[in-house]
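Asker: Sending over a structure as structure tokens; questions will come in a sec.
The values are calculated or read from the model by the stated rules, or taken from the named source; none is laboratory data. These numbers come from a predicted model, not from an experiment. Cβ placement follows ideal geometry from the backbone for every residue including glycine, while neighbour counts extend to all protein chains displayed. Ligands, DNA and RNA are excluded from the accessible area calculation, which covers all protein heavy atoms including side chains. Shrake-Rupley method; radii C 1.70, N 1.55, O 1.52, S 1.80 Å.
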Amino acid sequence: MATDPRGRITFANRSMQELILGQAGPKEGLLGVTMAQLYTGGLAEARKIMSILQEHGRLMNYETTMAGAGRVIPILTSASLLKDERGAVIGTLGVIKDLTEKKKLEEDLKKAQADLVQTEKLAAIGRLASGVAHEMNDPLTSILTFGNLLREDTPEGEPSRESLDIIVKEANRAKRIVSDLLSFSREAKPSLEWIDLNDVMNMSLLLLKSRA
């Protein structure tokens with residue numbers, strides 16, 4: 001595309017027309033439109049770009065955004081000053097590249113990387129759960145073993161018998177939680193099998209009821 005010294009478009013090829021106006025847009029519909037009207041940054045962005053052009057004589061791979069076809073379009077633009085034989089600036093000549101697809105791919109890549117990080121975090125939690133469960137198993141086994149022995153040696157009706165019942169009950173509950181942590185941490189292929197939904201609910205509640 002090309003503009004005059006005031007930034008008004010004097011030439012825009014078909015690709016530029018379709019980018020801004022859409023395929024159904026009027027032919028040569030951009031002629032006379034100022035670049036400030038197209039940039040989402042408006043006049044300030046147009047002045048910034050012109051300032052770079054005047055200082056360096058050209059603009060290389062500058063990223064900005066334009067409004068067109070009812071959307072914001074990320075673009076990469078390069079431009080240079082047009083001068084007559086006396087060296088006076090008579091306009092600008094520029095190339096604009098639509099970065100929509102590139103930006104979408106970058107976003108998809110970021111999302112995929114975030115999903116991968118989350119998966120790795122879950123795997124680390126699984127390994128941690130497995131380690132904690134294994135460490136807890138031995139002391140719980142000892143508590144259950146000696147708790148049951150003491151319970152058998154304590155007659156019914158003794159005040160300590162009720163306390164021992166609670167110790168054994170809670171140790172069994174802790175063992176079930178450890179078993180569930182181990183199940184959670186194991187990587188296994190999915191398999192179809194008949195289940196009792198009551199068991200599933202009871203196991204889930206056992207793990208989560210402390211939050212209620």
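Asker: Probe radius 1.4 Å, ligands and nucleic acids left out: which of Ile9, Ile195, Ile96 has the largest accessible area, and how do the rest follow? Could the numbers behind the result be given before it?
Answerer: On the way: Ile9 5, Ile195 105, Ile96 40 Å².
Reading off the accessible areas and sorting them downward yields Ile195, Ile96, Ile9.
Asker: Would you mind calculating the relative contact order of the chain from Cα pairs under 8 angstrom and at least 6 residues apart, reporting the percent as a whole number? Show your work: numbers first, answer last.
Answerer: On the way: 232 pairs, mean separation 28.6, N = 212.
Averaging sequence separation for qualifying contacts and normalising by length gives 13 percent for the chain.
Asker: List every residue whose amide H lies under 5 Å from the amide H of Leu59, counting only residues 5 or more places away in sequence or on a different chain, with H placed 1.01 Å from N in the peptide plane.
Answerer: Residues meeting the criterion, in which the H sits 1.01 Å from N, are Ala79, Ser80.
Asker: Next up: Roughly how many nanometres apart are two label points built 7 Å out from the Cα toward the Cβ at Arg176 and Ser78?
Answerer: Distance between label points: 7.0 nm.
Asker: Let me ask something else about it. Hydropathy at least -1.0 by Kyte-Doolittle, axial extent at least 27 angstrom from the Cα trace: which helices of the chain, defined as entire DSSP H runs, fit? Walk me through the intermediate numbers first.
Answerer: Details: long enough: 100-153 (78 Å, -0.46); 159-185 (40 Å, -0.17).
Passing helices, by number: 100-153, 159-185.
Asker: Follow-up. Around Thr154, what is the net charge, scoring Lys/Arg as +1 and Asp/Glu as -1 over all other residues with Cβ under 11 Å from its Cβ?
Answerer: Details: positive: Arg151, Arg161; negative: Glu152, Asp153, Glu156, Glu158, Glu162, Asp165.
Result for the local shell: -4.
Asker: Still on this structure: Identify the GluC sites (Glu not before Pro) of the range 112-212 meeting these criteria: DSSP loop state and at most 16 other C-beta atoms within 10 Å of the C-beta. Walk me through the intermediate numbers first.
Answerer: On the way: sites: Glu120, Glu135, Glu152, Glu156, Glu162, Glu170, Glu187, Glu193; in loops: Glu156, Glu187, Glu193.
Taking the range 112-212 and a limit of 16 other Cβ atoms within 10 Å, the loop GluC sites (Glu not before Pro) found are Glu156, Glu187, Glu193.
Asker: Full-extension gain between Asp199 and Glu85, please, as 0.36 nm times their residue separation minus the C-alpha to C-alpha distance. Write down the numbers at each step before the final one.
Answerer: Details: separation 114, 0.36 × 114 = 41.04 nm, distance 8.87 nm.
Between Asp199 and Glu85, full extension yields 32.2 nm more.
Asker: Something else now. For the residue pair Lys189 and Lys103, what label-to-label distance in nm results when each label sits 7 Å from Cα along the Cα-to-beta-carbon direction?
Answerer: A separation of 4.5 nm, rounded to one decimal place.
Asker: Build a GNM of the chain with springs between Cα atoms under 10 Å: which of Asn137, Asn13, Asn198 gets the top mean-square fluctuation?
Answerer: Between Asn137, Asn13, Asn198, it is Asn198 that shows the largest mean-square fluctuation.
Asker: Using all alpha carbons of the range 70-212, what is the percent of pairwise distances in each 10 Å bin, ordered from the shortest bin to the longest?
Answerer: 9, 18, 19, 14, 10, 8, 7, 7, 4, 2, 1, 0
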